[in-house]
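Just so it is clear, none of the values below were taken in a lab; they were calculated from the coordinates. On a predicted model such as this, the values are computed, not experimentally measured, just so you know. Backbone-built Cβ (ideal geometry, glycine too); neighbour counts: all protein chains shown.
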Amino acid sequence: MCGIVGYIGKQKATPILINGLLSLEYRGYDSSGLAVIENNSIAILKDKGRVSNLEELTKNCELTSHIGIAHTRWATHGKPSKENAHPHLDNSEQFVVVHNGIIENYHELREFLTQKGYHFLSQTDTEVIPNLIHYYYSNGIADEDPFLRAVKSAVDDLKGSYAIEVISKLYPDKMIVVRKDSPLVIGKGNGENFVASDIPAILSYTKDFYLLDDNEYAVLSADTIHFYDNTLSEHSKAIKNIEWDATAAEKNGYEDYMLKEIYEQPNAIRETIGSHFTLGEKCSFDDLSIEKDYLSTINKIFIVACGTAMHAGLVGKNAMEKLCHIPTEVDIASEFRYRDPIIDEKTLCIYISQSGETADTIAALKLAKSKGAKTLAVSNVIGSSITREADYTIYTHAGPEIAVASTKAYTSQVVLMVILAIYFAETLNSCDTSELESLKSDILDLPSKLEAVLDETRTIERFAKKIYTEHDMYFLGRGSDYYVAMEGSLKLKEISYIHSEAYAAGELKHGPIALIENGVTVISILTNPNLVEKCISNIQEVITRGAKTLVITNQKLHNVHFDFVVNIPETNSFISPILSVVPLQLLSYYIAKNKGLDVDKPRNLAKSVTVE
Ligand code: F6R
């Protein structure tokens, strides 16, 4: 929801902080700020709006400090404004904090501190933190590390989720960080150390990372990093080497991250298929030891996720049910966690999350665990929170996804879910081997077929030019095509701000057709040969009422006139969404570009929804 960066070392902190914030802007961009320790006092710069505003401010002052913390905000408590932007100081201006997450009991804490004589300058929940630190620091017992002790006492009072960085002018060579239910990584350099909410922010400085655990503290200096548990007893921690290429997190010459990520899909699929199978051999997952004995006891699968990841789950459900014969339900995480679902040890719950940090998805996972079910996470981020909670984890290998609107993560999730279904089917002997082999062969052909779909970009661009001024659009499909329609409609809303609805084509007559009038755009996906005729009848109904039609299909369609047709290669219907969604991603992209919108950072949205 917000992004944080920290630096302590020998270089000037400010440029490193700004660089980090720029690559974290997808996490929030309504305001940003930084704090450094300059001449024994804390210097703060902050501004409303994009990080570029903050960058401008830094050009007007000579900051030479070698320690600093920074933040890019996506408002939750208090409107986007300069005073609400982080960092926040305590009243004595000795401690300064940036925070990602939500302090649920901040009203209570604010009242407590007010009674003790503290006052507040912002409407944020965060401002209680530096003041609590000050309160405990000034009232603390003698301790060999009073700064750490005061931070820990303050953190003990917090309820909610947080990733926190603290520095103090009293300790100009020290930074303290702690997290709970909000991501935080520490990058280890040579004579310098880095902190960030997400790896790409500091990937150009180091490839060696520590992934901080919940309720774990780290105390950093330029040369050392010490880790403590929540009783402040020190422990050692394993370092992880992250192989991502720093340039993978940059735009590589594309106008926007979203377009780059759309074009990266053939490779993301290739990487995600990885070495899970070769033709004629069974599927395998190196780190997944799900035995036949356990799998045969499963009588129900839930796939739980949010937004686009949930749409990938819908496609996965088809494969799970048809190949494994296990009843499978797909749930929206924010609904699942509060609807008291029927779960027991015979239920397998699969959670899909690109970021691995989505608060609702993590809470839904914890719920299933508490009811005795086994949980399996599907994530794109190694070591993310969800992977640390789940019993099992499998990874998509889409690489960092920076654009807020998910594209390559979705197609990678779909392919991985289908491979997982094949793996289960092979373990359970629930499906004919030749059917599975033919599906595998189609999966292996996906990257080259995706390249062919991407060659059709011009047709989509032309169609986008024709329709970008419209206010309402409709997406139709049946079966998996309906799930793709849902994803296409979400993409359009997200980045082009055009109202749209996706309908199961058969539902049209039950109400929505009343909305169809002359000139309305209806986009249909037709890839399932068994359902094509029925879907065409539905499209005829809207054509009769004057609709403009775009059809995405892998079928030969005769005797019907559509305004635009995008032909995509044929493939197995379990994986056809991976091909048919691409024209829809491109359509939203080009509509948004025609409207002059910022496709990578759509309004009101953040990449990682780490609060409820
Ligand atoms: C849409 C989009 C969101 C995410 C959703 C879940 O383009 O990106 O709908 O899919 O917020 O995010 P993750 O997968 O990180 O849990």
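Roughly what angle does helix 128-139 make with the longest principal axis of the chain, taking Cα atoms, 0 to 90 degrees, to the nearest 10? Taking the Cα atoms of the chain, the angle to 128-139 is about 30 degrees. Helix 576-594 and the long axis of the chain differ in direction by around 60°, with both axes built from C-alpha atoms. When a/c reaches 1.5 or more, the comparison of a/b and b/c decides; with that in mind, is the range 3-248 rounded, prolate or oblate per its Cα gyration tensor? Rounded shape, in that the Cα axes give a/c under 1.5.
3J(HN,Hα) along the range 537-545: 4, 5, 5, 4, 4, 7, 4, 4, 8 Hz, from the Karplus curve 6.51 cos²θ - 1.76 cosθ + 1.60 with θ = phi - 60°, whole Hz, x for Gly and Pro. Taking a ≥ b ≥ c as the square roots of the eigenvalues of the Cα gyration tensor, the range 267-322 is classed as oblate, since a/c reaches at least 1.5 and a/b does not exceed b/c. Seen against the Cα atoms of the chain and their longest principal axis, helix 359-370 is set at about 80 degrees. Candidate cross-link partners of Lys240 among the lysines, defined by an alpha-carbon separation under 17 Å and a same-chain spacing of 8 or more, comprise Lys188, Lys207.
At a Cα cut-off below 14 Å, give the aspartates and glutamates reachable from Lys48, other chains included and same-chain residues fewer than 8 away excluded. Answer for Lys48, where 14 Å is the Cα cut-off: Glu25, Asp30, Glu56, Glu83, listed by chain and number. Our helix-only sum for the chain, with -39,500 (n - 2.57) per DSSP H run of n ≥ 4 divided by its residues, gives a mean residue ellipticity at 222 nm of -11000 deg cm²/dmol. Sequence-ordered 3J(HN,Hα) estimates for the range 166-173 from the Karplus curve with 6.51, -1.76 and 1.60 and θ = phi - 60° stand at 10, 10, 9, 5, 6, 9, x, 10 Hz, glycine and proline given as x. When DSSP beta bridges are restricted to pairs lying wholly in the chain, around 60% turn out antiparallel. Per-residue packing, averaged as other Cβ atoms within 10 Å, sorts the ranges 594-602, 580-588 into the order 580-588, 594-602, beginning with the highest. Taken about its Cα centre, the chain carries a charge dipole of roughly 1080 debye when the Cβ of each Lys and Arg holds +1 and the Cβ of each Asp and Glu holds -1. Across the range 112-121, rounded Karplus estimates of 3J(HN,Hα) from the backbone phi angles (6.51 cos²θ - 1.76 cosθ + 1.60, θ = phi - 60°) give 4, 5, 4, 4, 7, x, 7, 10, 10, 9 Hz, Gly and Pro being marked x. The lysines whose alpha-carbon is closer than 29 Å to the alpha-carbon of Lys371, local same-chain residues fewer than 8 away aside, are Lys159, Lys180, Lys292, Lys300, Lys317, Lys322, Lys346. Please state the shape class of the range 149-206: rounded when a/c is under 1.5, otherwise prolate if a/b exceeds b/c and oblate if not, all from the C-alpha gyration tensor. Here the range 149-206 falls in the oblate category. Highest mean first, the peptides 296-306, 374-384 sorted by other C-beta atoms within 10 Å per residue fall in the order 374-384, 296-306. In the range 1-118, taking the dipole from charged Cβ atoms about the Cα centre, the farthest positive-side position among Gly20, Trp74, Gly9 is held by Gly20. Over the chain, the reciprocal of the mean inverse Cα-Cα separation, the Kirkwood hydrodynamic radius, stands at 25.5 Å.
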